[in-house]
Structures are given as structure tokens and as C-alpha cells.
1. Name the single residue that is farthest from the chain's Cα centre (by Cα) among those in region 133-166 being closer than 24 Å to Y63 by Cα and assigned to a strand (DSSP E or B).
2. Might you check whether a residue that is within 24 Å of V233 (Cβ to Cβ), out of contact with any Cys (no Cβ under 8 Å at 6 or more places or on another chain) and small (G, A, S) occurs anywhere in region 180-189?
3. Could you list, in sequence order, all residues of region 3-25 that are among the aliphatic types (A, V, I, L, M), part of a helix (DSSP H, G or I) and buried (at least 18 other Cβ atoms within 10 Å of the Cβ)?
4. Can you tell me which condition S247 does not meet? The list is (1) over 17 Å from the mean Cα position of the chain (by Cα); (2) polar (S, T, N, Q); (3) surrounded by fewer than 20 Cβ atoms within 10 Å (Cβ to Cβ); (4) more than 29 Å from I90 (Cα to Cα), and all the others hold.
5. Restricting to region 26-37, name every residue that is surrounded by fewer than 17 Cβ atoms within 10 Å (Cβ to Cβ) and not in a strand (DSSP E or B).
6. How many residues are under 28 Å from R253 (Cα atoms), modelled with pLDDT of 90 or more and open to solvent by 70 Å² or more (accessible area, probe 1.4 Å) if we restrict to region 122-144?
7. Considering only residues that are touching a residue at least 40 places away in the same chain (Cβ under 8 Å), of a type in the set (D, E, K, R) and touching a strand residue (DSSP E or B) at 6+ places or on another chain (Cβ under 7 Å), look in region 1-34 and name the one that is nearest to L210 (Cα to Cα).
8. Out of everything in region 218-233 that is under 12 Å from D13 (Cα atoms) and modelled with pLDDT of 85 or more, what residue ends up being surrounded by the fewest Cβ atoms within 10 Å (Cβ to Cβ)?
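The values are calculated or read from the model by the stated rules, or taken from the named source; none is laboratory data. Model, not experiment: these values are computed from the prediction. For neighbour counting, all protein chains shown are included, and Cβ atoms are generated from backbone atoms with ideal geometry for every residue, glycine included. Quick note on the areas: whole protein, heavy atoms, side chains included, nothing else; ligands and nucleic acids left out. Shrake-Rupley method; radii C 1.70, N 1.55, O 1.52, S 1.80 Å.
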Amino acid sequence: MEISVGHTPDSDDAFMFYGMLTGKIPSQGFTIKHVIADIEDLNKRAQRHELDVTAVSIHACAYIPDYTILRSGGSFGIGYGPIVIAKQNIRPEELKDLKIAIPGKMTSAFLLLQLMIGKFDHVEIKFSDIPDAVNSGKVDAGLVIHETQLSYKYEGLQKILDVGEWWDKTTNGLPVPLGTNVMSDKFGQETIQRFDKYLHDSIKYGLEHLDDALDYSMQYSRGKPADLIKKFVSMYVNDVTVDMGKSGEESIRRFFSMASEKSLVPKFEIKISQAKF
């Protein structure tokens, strides 16, 4: 069975798919057509139902009713997450009155920051270009994701707040819901669960062959040093990535419950794979 699989050009996503895309683990009857795109592009492609399996922001799940969330492959922060950066110190309470660059309207980072500070003036900018936009004065502050959460200091910028820390305190330690993988409902639950197991095994293989998987991931390092990429991968490929478990599922449901209370997302059904690992 040939299926299209989309993931981002990011080292943590590449790490998860290393075992699968290099043929290191049994294929479970799937032939993969590999697609690489920015996370917000993948969110939009999922809205158009262009991909069979794809990485998406968890926020985007509110807008893609024909997909099921996989239990494996989620990006959850453990007490940390997206951050807001600026050139100069800004009090968090001032942010809602400033222009903030965001990496996309369907990113989880954007929804999390709205939950934290309320609605704010924003402009969409490709995530990797946000530090330059802040430095140039195009925006007052930037909401950053991926490895930019670690590299902003090298660009002369400072952290204003950590959205992940806020979530951790607000929810008494639930993992921070950021990204996930979804599969089209057209395949049926049996096939979805079989692919879920395939991705689970790929992630496990990467963790068991850490150096090789990290070497593979470096092709998506965007020029960042290996030690930074290793730290970033270790942050976002964790136990909840292997299997979201009860804490990951509760995190997703709490995320959308809080967003619904503030009318930030439409009503929709949360569908999560029931695969057993």
C-alpha cells in the first residue's frame, strides 16, 4: 500500500522517521511517498486533505475533521515550549499591545500564546525568519518554535516569556501539546493503528540507535551545530513521543477545552488512534 507521508524539514521530525524512511524496520506493508514541507504548509495541506499521513500542529486538528491523531510521533514539551523573544526587555503584560511575529495561525504556539495573554496584534512570518524580523524592527517581538528556541541568544535576542512554562504551571505538569502526526480516516481504524505501530517502531529504533539517527537528522539542521541539534532532538523526542499515553491525551483534550471556552477554535470531535504498543 503506497501512502504519502509528510513531515517538516526539522531534525526532530527526521529523527522520528529515520527507521522508517531508511528501511531499518519492517515496512508493515506500506510503501512511503515522502513529502517535506514547513509545518504551516503541512497544516494547510491537511486542510485540503492532500496527504495520507502528515505531521501537523495539534492546533490544526480543530480544522481537519477527516484525520485521526496517532498515538506515536507527538511533539510535547516537558515543562518547556515555544518562547517569545525581543531585542529589549518587555514585561509580559505589555505583549498584548505590541506586534508579534507568529510562525502560522494554525500552529499550537499561536494558540498557546493566545490562551496565555489573550488576543494580540500579529503577523505571520516563516518561523526561521522571525529572529531577523525582530532584529530589524519589523515586529516588536517574535514567537519562536523549533531549534530557534535554543539559538536566539546567538542572534542578540532575549527571552521574554516561555509559553511552555506557563502551560506546565497552569495544568499541573501536563506535557505541552505542540505537534502530532495524523492519518486520513479513509484508511479505516485497523490500517491507521497498523501505521501508528510502524511509526512507533521507527521512533524506538532511532532512540536505540541514537548516533546514527542524529547523523541522519543533521541534514535538516539548517546550519546549526550538532550539539544544539542533539539537545533539541532530546527535548522533543521523549517518552510521550513514543506513546502519548494518558498524559498526552489529557493534554490534547485540555488544550482544546481551554480554547473552546475562549471561542478560539470551532467545535469538533477529537479522534485519537487506539493502537496498542
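1. So in region 133-166, the residues closer than 24 Å to Y63 by Cα come out as 143-146, 163-164.
If we keep only those that are assigned to a strand (DSSP E or B) too, we end up with 143-144.
Details: L143: 14, V144: 12 Å.
Ranking the qualifying residues of region 133-166, first place goes to L143.
2. Applying the first criterion (within 24 Å of V233 (Cβ to Cβ)) to region 180-189 yields 180-183.
Of the ones still in play, those that are also out of contact with any Cys (no Cβ under 8 Å at 6 or more places or on another chain) are 181, 183.
Retained after the next criterion (residues that are small (G, A, S)): none.
Within region 180-189, none of the residues are within 24 Å of V233 (Cβ to Cβ), out of contact with any Cys (no Cβ under 8 Å at 6 or more places or on another chain) and small (G, A, S).
3. The initial filter retains those residues of region 3-25 that are among the aliphatic types (A, V, I, L, M), namely 3, 5, 14, 16, 20-21, 25.
Checking which are part of a helix (DSSP H, G or I) leaves us with 14, 16, 20-21.
Scanning region 3-25 gives A14, M16, M20.
4. Evaluating S247 over (1) over 17 Å from the mean Cα position of the chain (by Cα); (2) polar (S, T, N, Q); (3) surrounded by fewer than 20 Cβ atoms within 10 Å (Cβ to Cβ); (4) more than 29 Å from I90 (Cα to Cα) leaves (1) as the failure.
5. Just the residues of region 26-37 that are surrounded by fewer than 17 Cβ atoms within 10 Å (Cβ to Cβ), to begin with: 26-29, 31, 33-34, 36.
Of everything in region 26-37, those that are surrounded by fewer than 17 Cβ atoms within 10 Å (Cβ to Cβ) and not in a strand (DSSP E or B) turn out to be P26, S27, Q28, G29.
6. Final tally of qualifying residues: 1.
7. Result: D12.
8. The residue in question is Q219.
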